[in-house]
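Worksheet: one structure, shown below.
Nothing in this text is a laboratory measurement; each read-out follows from the coordinates by a stated rule. The model shown is predicted, which means the values in this text are computed figures rather than measured ones. Neighbour counts run over all protein chains shown; Cβ positions are idealised from the backbone, glycine included.
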Amino acid sequence: MAKLTHAEDVILEPILTEETWGKMEDRKYSFRVALGTNKIQIRKAVEELFGVKVEKVWTANMNGKPRRERLNQLHGRTSRWRKAIVRVAPGDRIDIVGG
């Protein structure tokens, strides 16, 4: 596994769904992060990229799902990935949509 030295290598993209939009009101933001990262690396990367203070980090490893083509014939799987949910300090906010 390559060493993750830059914040851009740790935080891959934000996860924008109806559920995550609702959590943003509670200061919780969801990100797709690199496999093999830990909570400390995620905390430092979010603080560096967005200039906010992180209170808590939750992580989950998401398994790949079977891909299906033509009725029931299985053809491989989607790749596994890691999700992080970050709660920022009161008064801080991350502007994900606007650049």
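Restricting to the stretch 64-83, name every residue that is part of a strand (DSSP E or B) and free of Cβ contacts under 8 Å to residues at least 60 places away in the same chain.
P66, R67, R68, E69, Q73, L74, H75, G76, R77, W81, R82
Restricting the search to the stretch 1-31, which residues are in contact (Cβ under 8 Å) with a residue 12 or more places away in the chain, touching a strand residue (DSSP E or B) at 6+ places or on another chain (Cβ under 7 Å) and not charged (D, E, K, R)?
V10, I11, L12, P14, I15, Y29, S30, F31
Please state which of the following conditions V86 fails to meet, knowing it meets all the rest: (1) over 29 Å from E25 (Cα atoms); (2) touching a helix residue (DSSP H, G or I) at 6+ places or on another chain (Cβ under 6 Å).
With respect to (1) over 29 Å from E25 (Cα atoms); (2) touching a helix residue (DSSP H, G or I) at 6+ places or on another chain (Cβ under 6 Å), V86 is out only on (1).
Can you tell me which residue in the stretch 35-63 is nearest to P14 (Cα to Cα), limited to those that are of a type in the set (S, T, N, Q) and either in contact with a helix residue (DSSP H, G or I) (Cβ under 9 Å, 6 or more places away or on another chain) or part of a helix (DSSP H, G or I) (or both)?
Selected residue: T59.
Name every residue in the stretch 24-41 that is under 14 Å from A60 (Cβ atoms) and of a type in the set (K, R), in order of residue number.
Correct list: K28, R32, K39.
For A34, work out the one condition from (1) closer than 14 Å to V88 by Cβ; (2) in contact (Cβ under 8 Å) with a residue 24 or more places away in the chain it doesn't fulfil.
Single failed check for A34: (1).
Looking at S30 and the list (1) surrounded by 16 or more Cβ atoms within 10 Å (Cβ to Cβ); (2) assigned to a loop (DSSP other than H, G, I, E, B), which single condition is not satisfied?
Answer for S30: the failing condition is (2).
So that you can scan it fast, the table gives a plain yes or no per residue for (1) of a type outside the set (G, A, S); (2) surrounded by 13 or more Cβ atoms within 10 Å (Cβ to Cβ):
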{"residue": "K65", "(1), (2)": "yes, no"}
{"residue": "R70", "(1), (2)": "yes, no"}
{"residue": "S79", "(1), (2)": "no, no"}
{"residue": "V88", "(1), (2)": "yes, yes"}
